[in-house]
Amino acid sequence: MATVASMLADAFPAFFWTGFYVVDAAKGDELVVGPYQGTLGCLRIPFGRGVCGAAAKTRQTQVVEDVDAFPGHIACDSRSASEIVVPVLDASAALIAVLDVDATEKAAFDAVDAEALERLMARVFGA
């Protein structure tokens, strides 16, 4: 996870926070900050709260063009203008984490990014 976060952060200058929130195995319905590149992140996020929590709860990639328009967005850094969050599943299709990427510009992510990041997560962490 640390390597993926580092490589993505290095490859895309508009990404200012790139990292993972890992499922807390003891709680089962909460994410805890994992390896990342960027400013301080939230330490814990319940499933269903914010963009990361929505991705964890639904197991669907969330592409947010404007974080101010996302109900319940958690603002860890005021520079965040858009965000993409991709569920990370293991080989048995269990949710183990979410990949969270924030950008300083609005509409920085689209369906092409979602598909590419989903493929990357499946290749690195799936079967």
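FYI, it's all coordinate maths here, none of it is from the lab. What you are looking at is a predicted structure, and each value in this text was computed from that prediction instead of being measured. Positions of Cβ are backbone-derived with ideal geometry, glycine not excepted, and every protein chain shown enters the neighbour counts.
Numbers for the structure displayed
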read-out: Which listed residue is touching a residue at least 60 places away in the same chain (Cβ under 8 Å), more than 12 Å from the chain's Cα centre (by Cα) and under 21 Å from residue 125 (Cα atoms), from 31, 95; value: 95
read-out: Residue ID - nearest to residue 2 (Cα to Cα), chosen from residues in the stretch 78-114 that are acidic (Asp, Glu) and surrounded by 14 or more Cβ atoms within 10 Å (Cβ to Cβ); value: 100
read-out: Options 53, 19; residue that is free of Cβ contacts under 8 Å to residues at least 24 places away in the same chain, surrounded by 20 or more Cβ atoms within 10 Å (Cβ to Cβ), within 22 Å of residue 2 (Cα to Cα) and out of contact with any Cys (no Cβ under 9 Å at 6 or more places or on another chain); value: 53
read-out: Unique residue being within 23 Å of residue 23 (Cβ to Cβ) and assigned to a loop (DSSP other than H, G, I, E, B) when the list is 97, 114, 122, 75; value: 75
read-out: Close pairs from the stretch 57-76: first in contact (Cβ under 8 Å) with a residue 12 or more places away in the chain, partner aromatic (Phe, Trp, Tyr) and not in a helix (DSSP H, G or I), Cβ under 9 Å, at least 6 apart; value: 62/70; 63/109; 64/70; 64/109; 65/109; 76/17
read-out: Residue within the stretch 29-38 that is among the charged types (D, E, K, R), under 24 Å from residue 12 (Cα atoms) and surrounded by 14 or more Cβ atoms within 10 Å (Cβ to Cβ) present; value: no
